[in-house]
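The values are calculated or read from the model by the stated rules, or taken from the named source; none is laboratory data. All values derive from a computational prediction rather than experimental measurement. So basically every Cβ, Gly included, is an ideal-geometry build from the backbone, and we count neighbours across all protein chains shown.
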C-alpha cells in the first residue's frame with residue numbers, strides 16, 4: 001500500500017498533458033495487449049478497450065474477462081497501476097472544474113462571448129436592470145464589471161469580471177469590443193456628486209477610446225455634466241435625480257401618469273416602447289403610421305422627434321429608426 005501511495009503522489013505531481021497522454025497510451029496499449037494475449041476472448045479492438053475501461057474504472061460488468069494466466073497477470077497490473085492513474089485523472093478533472101467555477105465567481109475568467117451587454121457598477125439599480133433584461137430577453141448574456149470579491153449574481157447568463165472598469169485589461173476581459181452595448185451605473189459608495197459623475201466620465205472615456213462605435217448609456221446625477229459626456233460621444237443619459245423628481249411632479253398634476261411611465265419602461269407590464277427600422281416602402285410618415293396602426297402598433301416618434309402627428313406628409317429619411325408602442329407579439333411581426 002505504501003508503494004502504491006507513493007506512485008499516486010508522484011502521478012498527481014506530473015504535468016497534466018503527460019498524465020493524460022500516458023493514460024490514453026495505457027488504455028490503447030492494454031487493449032492491444034489483451035487482444036494479443038487472449039485473441040479468443042477479445043476479438044475486436046473495441047472489446048479490448050471496453051474491458052480495459054471497465055477494469056480501470058472499477059465498474060467490472062463481468063461480460064468480458066481474461067481466462068489465461070498471462071491475461072490475469074496483466075489484469076492485476078491494471079488493478080495496481082490503471083485504477084490509480086484513472087483516479088488521479090478523474091480528480092484532476094474535478095479539480096479543474098472546481099477551479100474554473102471559483103475563478104468565474106471571482107471574476108478572473110475572460111469572457112469570450114459576443115453581442116452581450118456590459119453592466120458597469122453593481123448597485124440595487126444595476127440589479128433591477130439585470131433582472132429586467134433577463135426576464136425580457138431570453139438569449140442575451142450579460143457581463144458585470146465591479147471590484148467585488150465575488151459575483152453578486154449566480155446565473156448561467158450573467159458573467160462577472162473583477163477590476164476597475166477604466167482599465168484596459170478589465171475591459172478586455174469583458175470582451176468590450178464585441179459587446180452589443182454598455183451601461184454605466186453611478187457609484188453609490190461615493191457621496192460627492194462631482195466625484196460620482198467624474199468616475200462615470202472616466203469609465204465612459206476609456207470605453208469610447210477602445211470601441212468608438214459602441215452604444216453607451218450612462219447614469220448621471222447632475223444635468224450640468226451632460227456636455228462632458230457628449231464630448232466623449234456617450235449615446236444615452238439617464239438623469240437619476242431629475243428623472244425621479246419630474247415623474248413625481250407629473251404624477252401629482254396628472255393622476256395615473258406614473259402607470260403609463262411604468263408600462264413604457266418595463267417589459268413586464270402592459271405594452272412596451274420598441275425601436276424599429278423604417279421600411280423602404282414607407283415614403284412618408286403617414287405611410288408608416290397607417291401601416292403600423294393596422295398591424296396593432298402606434299408610431300410615436302422618429303428618434304427624439306415626438307411631433308409625428310404634425311409631420312405625417314413629410315418624407316422619412318433613409319436608414320432612420322422609429323419608435324412604436326405595441327405588445328411583444330406585434331413587435332415581432334412588424335420587425
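Here is a list: 186, 174. Which entry is in the same structural domain as residue 130 (by TED's automatic domain parsing), closer than 27 Å to residue 104 by Cα, touching a residue at least 40 places away in the same chain (Cβ under 8 Å) and over 21 Å from the mean Cα position of the chain (by Cα)?
Values: 174 fails: over 21 Å from the mean Cα position of the chain (by Cα).
Answer to the check: 186.
Taking region 56-72 as the range and being surrounded by 12 or more Cβ atoms within 10 Å (Cβ to Cβ) and either under 33 Å from the mean Cα position of the chain (by Cα) or part of a helix (DSSP H, G or I) (or both) as the test, the residues that pass are 56, 70, 71, 72. Residues that are exposed (fewer than 13 other Cβ atoms within 10 Å of the Cβ) and modelled with pLDDT of 85 or more within region 259-280 comprise 275, 277, 280, listed in sequence order.
Does residue 286 satisfy being part of a helix (DSSP H, G or I), at pLDDT below 85 and either out of contact with any helix residue (DSSP H, G or I) (no Cβ under 7 Å at 6 or more places or on another chain) or not assigned by TED's automatic domain parsing to the domain that holds residue 194 (or both)?
Working: part of a helix (DSSP H, G or I): yes; at pLDDT below 85: no; either out of contact with any helix residue (DSSP H, G or I) (no Cβ under 7 Å at 6 or more places or on another chain) or not assigned by TED's automatic domain parsing to the domain that holds residue 194 (or both): yes.
Here the answer is no, as residue 286 does not meet what is asked.
Screening the candidates 167, 95, 146, 156 for the property of being more than 19 Å from the chain's Cα centre (by Cα), in the same structural domain as residue 210 (by TED's automatic domain parsing) and without any contact (Cβ under 8 Å) to a residue 40 or more places away in the chain yields one hit, 167.
Consider only pairs whose beta carbons are under 6 Å apart and that are at least six residues apart or on different chains; among these, list those whose first residue lies in region 306-335 and is surrounded by 10 or more Cβ atoms within 10 Å (Cβ to Cβ) and whose second residue is modelled with pLDDT under 85 and in a loop (DSSP other than H, G, I, E, B). These pairs meet every condition: 325/271; 326/271; 327/271. Taking the stated definitions as given, is residue 203 within 22 Å of residue 109 (Cβ to Cβ), in contact (Cβ under 8 Å) with a residue 60 or more places away in the chain and surrounded by 18 or more Cβ atoms within 10 Å (Cβ to Cβ)? For residue 203, the condition - within 22 Å of residue 109 (Cβ to Cβ), in contact (Cβ under 8 Å) with a residue 60 or more places away in the chain and surrounded by 18 or more Cβ atoms within 10 Å (Cβ to Cβ) - is met.
Please give the strands (runs of 3 or more DSSP E) falling wholly within region 80-167 in which 1 or more residues are more than 21 Å from residue 217 (Cβ to Cβ). Give the derivation first.
Numbers: elements: 117-120, 142-146, 158-162.
In region 80-167, 158-162 are the strands (runs of 3 or more DSSP E) which contain 1 or more residues that are more than 21 Å from residue 217 (Cβ to Cβ).
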